[in-house]
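Structure first, then comments.
The values are calculated or read from the model by the stated rules, or taken from the named source; none is laboratory data. From a predicted model like this one, the values you see are computed outputs, not experimental measurements. A quick note on method: Cβ atoms are made from the backbone with ideal geometry, for glycine too, and the neighbour counts reach across all protein chains shown. Please note that ligands, DNA and RNA were not included when accessible areas were found on the heavy atoms of the full protein model with its side chains. Shrake-Rupley method; radii C 1.70, N 1.55, O 1.52, S 1.80 Å.
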Amino acid sequence: MRNIFFSKKSFPSVSLGQDDTEGSEAADLAARLLMAPTALMPLTMPEARRVVRYMQPQIVPKGTVFIREGDARDTGFLMLLLDGEVTVETLVVSRTAPIVITLLGPGSLIGELGMFDGLPRYASCVAATPLRCAILTREALSRMMEEDAGIAAKLLLAVSMRLGARLREVTDKLKMYVQLTQAMEQEIGSRPEA
């Protein structure tokens, strides 16, 4: 699976002192998505372009499982989805087919938990359509921390904020499921025994 992501491609280099609008269409899109309020952080265009320098462009064919639930070996990257849709799935005990957790679109950040903690992937990600994406490896992030510490700090803070928001969302869902379970238990308990 590594060969899908870690080819020797890179986005065109952006010189540190300029904010010209030249660059590949994919690099420009990645920079705009990094700046979007719904994406990662409030980056300026020059900062977003500097982050993009550390990322690798990648095309993923439709149907490719690029993150596999339980995989502990291939956790060294996160992905910024530029174009396409990703299905996030998980296996549940007593089921043979995976359950779809969510569908992600452009601007989504995928794989950040595994990249940071190095633990096995907690869900599988499948390309529902052909994907264009930008990959940030653990090694590239380390290099960014050495070369562009301020921008790396902004990136890490923003990813932390995104993880916090996702944790709150999951907690809200869990509360709803607990309430549903309690309501079902009350309903079952209030029925006359036959």
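Points to keep in mind about this one:
- Percent carbon-and-sulfur accessible area, segment 76-127, ignoring ligands, DNA and RNA, probe 1.4 Å: 63 percent
- Solvent exposure of segment 60-100, expressed per residue, is 51 Å² of accessible area, with all protein chains present and a 1.4 angstrom probe.
- Placed amide H near ASP71: partners under 5 Å, 5+ positions off or other chain: ARG121
- For segment 90-194, the set of trypsin sites (Lys or Arg not before Pro) satisfying both a DSSP loop assignment and a count of at most 14 other C-beta atoms within 10 Å is given as ARG95.
- For GluC sites (Glu not before Pro), the sites in segment 130-193 that DSSP calls loop and that have at most 13 other Cβ atoms within 10 Å are GLU193.
- Backbone HN-Hα couplings from phi across segment 183-190 [Karplus 6.51/-1.76/1.60, Hz, Gly and Pro as x]: 5, 5, 4, 5, 4, 5, x, 8
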